[in-house]
1. Helix-derived [θ] at 222 nm for the chain: sum -39500 (n - 2.57) over DSSP H runs of at least 4, divide by residue count, nearest 500?
2. Under 5 Å between amide H atoms, partner at least 5 residues away or on a different chain: which partners does residue 206 have, H built in plane at 1.01 Å?
3. Nearest-5 percent of antiparallel DSSP beta bridges in the chain?
4. Under the Karplus relation 6.51 cos²θ - 1.76 cosθ + 1.60, θ = phi - 60°, what is the ordered set of whole-Hz ³J(HN,Hα) values for the stretch 21-38, x standing for Gly and Pro?
5. Please list 3J(HN,Hα) in residue order for the stretch 250-257, calculated via the Karplus relation 6.51 cos²θ - 1.76 cosθ + 1.60 where θ = phi - 60°; whole Hz, with x for glycine and proline.
6. Give me a comma-separated list of calculated 3J(HN,Hα) values for the stretch 133-139, in order, Karplus coefficients 6.51, -1.76, 1.60 applied at θ = phi - 60°, integers in Hz, x for any Gly or Pro.
7. Please label the shape of the stretch 27-72 as rounded, prolate or oblate, based on the square roots a ≥ b ≥ c of the eigenvalues of the alpha-carbon gyration tensor (a/c under 1.5 means rounded; beyond that, a/b larger than b/c means prolate, else oblate).
8. To the nearest 0.05, what FRET efficiency results for residue 104 and residue 135 with a Förster distance of 45 Å applied to their C-beta separation?
Amino acid sequence: MKEILNYFPRHIAFILEKNIEDKWNSLEEIRIRADKPILLKFQNEEKIIEQKINIETILEIMQYICDNSIYSYQEQICNGFITIKGGHRVGISGSAVVENGKVINVKYISCLNFRIAKQIIGVADGIIENLIDKQNNTIYNTLIVSPPGGGKTTMLKDIIRQISDGIPKYNFKGKTIGVVDERDEIAAIYQGISQNNLGIRTDIINNIPKCIGIKMLIRSMSPEIIVADEIGGKEDIDAIEYAMCCGIKGIFTAHGKTIEDLRTKQYIK
């Protein structure tokens, strides 16, 4: 995880390492804002580093993030984040340039948020048995629901890995899985390679709307199971129904607290 320090100028990296100390495992975010202190967010606390960062330093950090070619990362910048080695995501904020309702550039970048990626192997051990149909060696259609920050995506990664590889404990043979990773939060693709272990039978399509990606994977990769994170509008629901009609099982997540929340959002009837 310390590899993330390579994206900072040496003097900033030194300050970060000194303040993080031995808390790398609980580190969640490093927030950099122009003319503001650095903020470190850990699992149960926040730490303010009284080291102000100027615009020039933020530009220098951006150069490191983009391998000294900001132009080649323009599309990711316009999406508001860049995925770096290790699967960490750097959120980007500044002056957006909008044309015909679409962001075509972000100028004067003034805020960076390094979100630390973690994959917790085995986190789904306690629920995986409830998802699998042992008699038919498949899964039950599954919707994982929790409020934001509840750990849905972390759980989802481990479910994918286990079902893709197979689960000897339950005599469950691995299944071919198609993952639609719209915001690159599941696989964390870096230079074409997933930074997370999603199993040996998993195919991934990223940076594409779920409603389009689901149909593309069905047509091109013949998945037995489709997976997507944080389903949203009617187009997502229609694509999921299309997959179900093709005989494909699904595992999805959604924001919510109660069954009524889901009914309101028309995730269930």
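1. -8000 deg cm²/dmol
2. So residue 206 has HN proximity to 181.
3. So the antiparallel bridges amount to about 60 percent of the total.
4. These are the phi-based 3J(HN,Hα) values: 6, 9, 9, 4, 5, 9, 6, 10, 8, 10, 9, 10, 10, 4, 6, 10, x, 7 Hz.
5. Ordered by residue, 3J(HN,Hα) equals x, 10, 9, 10, 8, 6, x, 10 Hz.
6. 9, 5, 4, 10, 6, 9, 10
7. Values: a/c = 4.31, a/b = 1.70, b/c = 2.53.
Oblate, because a/c is 1.5 or more while a/b does not exceed b/c.
8. Values: r = 53 Å, r/R0 = 1.18.
Calculated value: 0.25.
A short reminder: the numbers here are calculations on the coordinates, not readings from a lab. Because the structure is a prediction, the values reported are computed rather than measured. Cβ: placed from backbone, ideal geometry, glycine included. Neighbour counts: every protein chain shown.
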